[in-house]
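**Student:** I am attaching a structure below and will ask some questions about it afterwards.
What follows is calculated from the coordinates using simple rules that are stated; it is not laboratory data. Small disclaimer: the values here were computed from a predicted structure and weren't measured. All Cβ positions, even for glycine, are placed from backbone atoms using ideal geometry, and neighbour counts span all protein chains on display.
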Amino acid sequence: MRRAESGEAVKEADYDKKMGRKALDVAKRYDIRYDPNSIVPSDDGLADRVYRAAVDLFLEMGVYCTDTQRAIRFSQEELQWALGHVPTEVTYGRETERVTVFPRKVEDPRDPVCFFSAVGAPVTEETFLPIAQSYAQEPLADTFSGPLITSYRGLLVTSGSPVEVEAAIWNTQMLREARNGQVAPILAFTTSSPPGRGPMPRSPPLRRNSERTRVTGYLWRPWQR
């Protein structure tokens, strides 16, 4: 958070241009190229080079804070510490509505966690429930979530408004109704605002605003204990 105020000052357009140049540079540096004859590559060497390229790009570019227009940079030691303390699994829900998500490794014998979701798809109130039910009833679904409504009782759902809160509550209630009699637990997303109008709109890679920085600081605390 301190670096978001004291990091290198740079205009967003300049940061974007530099990002493009650096991305091309590390791709050439590590011989990363698209092979149309290998849609799903199995080259372990390529995987290692992509990882090293990502590390170089992150260390050189840092993370851009759009609110303060500053680049937040980290050292190699800080990055390695963070990677070494990443949780190996995350459990969502409670009691009978629990699902544990874990990263699968190359040739991992464990089955993947199947998350069935229409999240991000704008729908009407009338179509929300049948769409959510179509995901909840799938036997392969380990968990599911629903789409989002763009209006609630005739009112446009906008960021930070009371309508957004009411829409989020309605969203969760409908997901529970959709789950009725089904096995898959709910993995619910409480925001109901469409992309661009929600409280935490999607950010491009290596891009953050003050809102995401505050949330990151809050969520990080349990892992420090």
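**Student:** Taking the Cβ of Phe144 as the center, what net charge do the other residues with Cβ under 12 Å away carry, scoring Lys and Arg +1 and Asp and Glu -1?
**Tutor:** Values: positive: Arg176, Arg179; negative: Glu97, Glu138, Asp142.
Spelling it out: positives minus negatives among the neighbours equals -1.
**Student:** Grab the other residues whose beta carbon is less than 12 angstrom from that of Glu97, score K and R as +1, D and E as -1, and report the net. Intermediate results must be reported in sequence, preceding the final value.
**Tutor:** Details: positive: Arg94, Arg98, Arg176, Arg179; negative: Glu95, Asp142.
Residues close to Glu97 contribute a combined charge of +2.
**Student:** For the range 90-179, what's the relative contact order in percent, using C-alpha pairs closer than 8 Å and at least 6 residues apart?
**Tutor:** Details: 115 pairs, mean separation 22.1, N = 90.
About 25 percent, as a whole number.
**Student:** Starting with the highest mean, order 134-146, 48-60 by the number of other Cβ atoms within 10 Å, averaged over the residues of each peptide. Before the final figure, lay out each step's value.
**Tutor:** Details: 134-146: 18.7, 48-60: 14.9.
Ranked by mean Cβ neighbours within 10 Å, highest first: 134-146, 48-60.
**Student:** At a 10 angstrom cut-off on C-beta neighbours, averaged per residue, how do the peptides 169-178, 35-44 rank from highest to lowest?
**Tutor:** Numbers: 169-178: 16.8, 35-44: 8.2.
The densest-packed peptide leads the list: 169-178, 35-44.
**Student:** Ok, one more. So which aspartates and glutamates can Lys28 reach, going by Cα to Cα under 14 Å and dropping same-chain residues fewer than 8 places off?
**Tutor:** Partners found: Asp56.
**Student:** Continuing with the same structure: Could you give me the percent of Cα pairs per 10 Å distance bin for the range 90-179, shortest bin first, beginning at zero and ending with the bin that holds the maximum distance?
**Tutor:** Spelled out bin by bin, the range 90-179 gives 16, 40, 29, 12, 3 percent.
**Student:** For the range 58-82 and the range 134-164, what is the separation of their Cα centres, given in Å?
**Tutor:** Comparing the Cα centres of the range 58-82 and the range 134-164, I get a distance of 34 Å.
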